[in-house]
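Notes to accompany the following structure.
The values are calculated or read from the model by the stated rules, or taken from the named source; none is laboratory data. Only a predicted model underlies this, so the values are computations on that prediction, with no experimental measurement involved. As a convention, Cβ positions derive from the backbone with ideal geometry for all residues, glycine included, and neighbour counts pool all protein chains shown. Please note that ligands, DNA and RNA were not included when accessible areas were found on the heavy atoms of the full protein model with its side chains. Shrake-Rupley method; radii C 1.70, N 1.55, O 1.52, S 1.80 Å.
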Amino acid sequence: QVHLVESGGGLVQAGRSLRLSCAVSGSISSINYMGWYRQAPGKQREWVSFITNGRSTNYADSVKGRFTISRDNAENTVYLQMNNLKPEDTAVYYCNIRSSVNSYWGQGTQVTVSS
């Protein structure tokens, strides 16, 4: 059984930084996609960033230049470094891990940015 454990969320002031982590445990075939999504109150879940097993990355326009995604294959962990946080970044952040046959979601971690 595969488990995703997210951590690193919290309450910060605008302009500060947070680093989210998502650790994958359990038996999983080759991971080819690791991504982050977020859901703000009253809004749909939206994609934030992803990184492939070839380490290609992509970012939503709203976070480009401020967020950086990375992965540690040895630890099966994906990170999201979030700099210069803005109040509009406030949301529950979820990691999403995909193999060739399955997709897994974490439980989410709350990020709150005060102005």
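Among the residues of region 21-44, those that are open to solvent by less than 80 Å² (accessible area, probe 1.4 Å), under 18 Å from Arg55 (Cβ atoms) and in contact (Cβ under 8 Å) with a residue 60 or more places away in the chain comprise Cys22, Val24, Ile31, Asn32, Tyr33, Met34, Gly35, Trp36. Considering the conditions (1) of a type in the set (A, V, I, L, M, F, W, C); (2) open to solvent by less than 60 Å² (accessible area, probe 1.4 Å); (3) assigned to a loop (DSSP other than H, G, I, E, B), Ile69 is excluded by exactly one of them, (3). Would you say Leu4 is farther than 18 Å from Ile97 by Cβ, assigned to a strand (DSSP E or B) and touching a strand residue (DSSP E or B) at 6+ places or on another chain (Cβ under 7 Å)? It is false that Leu4 is farther than 18 Å from Ile97 by Cβ, assigned to a strand (DSSP E or B) and touching a strand residue (DSSP E or B) at 6+ places or on another chain (Cβ under 7 Å).
Scanning region 84-103 for residues that are in contact with a strand residue (DSSP E or B) (Cβ under 7 Å, 6 or more places away or on another chain) and either open to solvent by 50 Å² or more (accessible area, probe 1.4 Å) or more than 11 Å from Val24 (Cα to Cα) (or both) yields Leu85, Lys86, Pro87, Asp89, Thr90, Ala91, Val92, Tyr93, Tyr94, Arg98, Ser103.
The condition of being open to solvent by less than 70 Å² (accessible area, probe 1.4 Å), of a type outside the set (Lys, Arg) and not in a loop (DSSP other than H, G, I, E, B) holds for only one of Gln81, Gln110, that being Gln81. The single condition from (1) under 18 Å from Lys86 (Cβ atoms); (2) surrounded by fewer than 16 Cβ atoms within 10 Å (Cβ to Cβ); (3) modelled with pLDDT of 95 or more that Asn58 fails is (1).
Being polar (S, T, N, Q) and under 12 Å from the mean Cα position of the chain (by Cα) is a property that does not hold for Ser56. Tyr94 satisfies every condition listed in (1) in a loop (DSSP other than H, G, I, E, B); (2) under 15 Å from His3 (Cα atoms) except (1). In region 7-33, the qualifying residues are those that are of a type outside the set (Gly, Ala, Ser) and modelled with pLDDT of 95 or more, and the one that is farthest from Ser114 (Cα to Cα) is Cys22.
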